[in-house]
Amino acid sequence: MTNTATSRTSKDSTPAAIRHDWEKEEALAILTQPFNDLLFQAQTIHRAHFNPNELQISSLLSIKTGACAEDCAYCPQSVRYQPGQENVEKLLPVDRVIEAARKAKENGATRFCMGAAWPCPKPRELDQVLTMIQGIKALGMETCTTLGKLDKDQAKQLKDAGLDYYNHNLDTSPEFYGEIITTHTYEDRLETLEHVRDAGLKICCGGIVGMGEQQNDRIGLMLQLANMPQHPDSVPINLLVQIKGTPLENVESTDPLEFVRVVALARIMMPASYVRLSAGRENMSDEMHALCFLAGANSIFYGEKLLTAKNAEATRDRDIMGRLGMSPSKGAGGSLGSITTP
Ligand code: SAM
Ligand code: DTB
Ligand code: SF4
């Protein structure tokens, strides 16, 4: 892959103010302005805070797959919608997870994210995850986990073990949340985020576009994220992967340009946060990737699999990045290796 991320660097213009007082009308006006104006605004802000030709690369591993007791309507890991039991696993052994992280590092990932299909971790399970975190930190990588609901003490234990980021998505607006999930509430999610923040962990929090939500719900999600006491350090924007057996299997697909608009809105409202183009990339065209990067997305999951769903092929990502003159952000070693399943 060519490394041509030299033409323009960050600080091309004045950094935007980091605000926590966004109003609905303002967000609506930004989101619905002419597309070219929106992308210009987002890219201008992006350049003031980041090198526009760099991407942060994370690697994702499902450390416990399937049989989750929650009923999130998008999720193939809910016990209610699981097409078969073949997906169901116990927590992976610690050495296998550390080996997967080592390979991900060799392949250019700077952050290793571990996901578990739990409503919340049990004490013995958490202990094992703490050992995984310690082992991965010893490799010199950043760590992220997404384990479901946490109490105050669990958040502190994760921080003490060296965890860098906790991923806990709000997924949509408070108003639409009840249509998607009934086994926990928006308040539960906000409470975990508060524990994570209080423990001094960095927050990775975003949502999903394409669940049948309205424009108002997309704005509602962005207002929740941008009006938090601190902006999430990382904001994953997932395009729904419509998975057979889930209630959202046949939901009407989203206009790709509306998705790009949401990415741009996230960039404008949270200027200094990493905006991650997350699930759904497998079905996005190369041009769609390019538009999302122009709109301010600057992070991806790299590797053949997300948690259970397919990700964009690593060879394809290397090709797209090469053609766009983009490279992994510093610390990733400047090049991406080929991915092999751990
Ligand atoms: N159980 C934990 C939780 O709910 O926080 C962690 C794992 S959960 C799979 C992490 C996130 O993956 C969800 O919050 C959702 O945003 C995303 N996700 C799950 N299934 C998805 C799908 N089919 N399409 C897009 N995003 C999805
Ligand atoms: C996030 O926002 N997206 C990732 C990560 N955080 C854990 C997960 C996407 C899951 C897509 C469906 C699957 O692979 O099962
Ligand atoms: Fe369980 Fe998380 Fe999937 Fe919801 S999103 S069903 S909590 S794994």
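Things worth noting here:
- Residue within the stretch 170-186 that is crowded, with 20+ Cβ neighbours inside 10 Å, within 15 Å of ligand 2 (Cβ to nearest atom) and farther than 28 Å from K24 by Cβ present: no
- For the stretch 226-245, the set of residues classified as crowded, with 20+ Cβ neighbours inside 10 Å, of a type in the set (A, V, I, L, M, F, W, C) and away from ligand 2 (no atom under 12 Å from the Cβ) consists of A226 only.
- Among the candidates D217, D171, residue that is in contact with a Leu (Cβ under 9 Å, 6 or more places away or on another chain) and either at pLDDT 95 or above or farther than 17 Å from N238 by Cα (or both): D171
- Meets criteria (more than 15 Å from the chain's Cα centre (by Cα), surrounded by fewer than 18 Cβ atoms within 10 Å (Cβ to Cβ) and under 29 Å from D164 (Cβ atoms)) for E287: no
- Looking only at residues in the stretch 49-68 that are assigned to a strand (DSSP E or B) and not polar (S, T, N, Q), the one that is surrounded by the fewest Cβ atoms within 10 Å (Cβ to Cβ) is E54.
- Filtered residues of the stretch 232-250 (kept if touching a Leu at 6+ places or on another chain (Cβ under 7 Å) and in a loop (DSSP other than H, G, I, E, B)): P232, L240, Q242, L248
- Residue under evaluation D151, criteria (1) buried (at least 16 other Cβ atoms within 10 Å of the Cβ); (2) away from ligand 1 (no atom under 13 Å from the Cβ), criterion not met: (1)
- Exactly one residue out of F112, F176 is at pLDDT below 95 and not small (G, A, S): that is F112.
- Verdict on V275 being touching a strand residue (DSSP E or B) at 6+ places or on another chain (Cβ under 6 Å), touching a residue at least 12 places away in the same chain (Cβ under 8 Å) and either away from ligand 3 (no atom under 16 Å from the Cβ) or assigned to a helix (DSSP H, G or I) (or both): yes
- Identity of the residue in the stretch 190-223, among the polar types (S, T, N, Q) and touching a residue at least 40 places away in the same chain (Cβ under 8 Å), that ends up farthest from E179 (Cα to Cα): T192
- Residues that are away from ligand 2 (no atom under 14 Å from the Cβ), at pLDDT below 95 and under 24 Å from L61 (Cβ atoms) occur at least once in the stretch 292-313.
- Any hit, the stretch 75-88, residues being over 20 Å from the mean Cα position of the chain (by Cα), of a type in the set (F, W, Y) and modelled with pLDDT under 95: yes
- Flag for A226 being in contact with a helix residue (DSSP H, G or I) (Cβ under 6 Å, 6 or more places away or on another chain) and without any contact (Cβ under 8 Å) to a residue 40 or more places away in the chain: no
- Check on I320, farther than 12 Å from L60 by Cα, at pLDDT 90 or above and in contact with a helix residue (DSSP H, G or I) (Cβ under 9 Å, 6 or more places away or on another chain): yes
- Condition met for A161 (touching a Phe, Trp or Tyr at 6+ places or on another chain (Cβ under 8 Å) and of a type in the set (A, V, I, L, M, F, W, C)): no
- Each residue in the stretch 114-148 was checked for being within 15 Å of ligand 1 (Cβ to nearest atom) and farther than 23 Å from Q56 by Cα, and 10 of them qualify.
- Among the residues of the stretch 87-127, those identified as surrounded by fewer than 19 Cβ atoms within 10 Å (Cβ to Cβ), under 24 Å from H184 (Cβ atoms) and out of contact with any strand residue (DSSP E or B) (no Cβ under 8 Å at 6 or more places or on another chain) are N87, V88, C120, K122, P123, R124, D127.
- Of the residues making up the stretch 196-226, those that are away from ligand 3 (no atom under 16 Å from the Cβ) and at positive phi are G200, G212.
The values are calculated or read from the model by the stated rules, or taken from the named source; none is laboratory data. Worth saying up front: this structure is predicted, and the values here are computed from it rather than measured. As a convention, Cβ positions derive from the backbone with ideal geometry for all residues, glycine included, and neighbour counts pool all protein chains shown.
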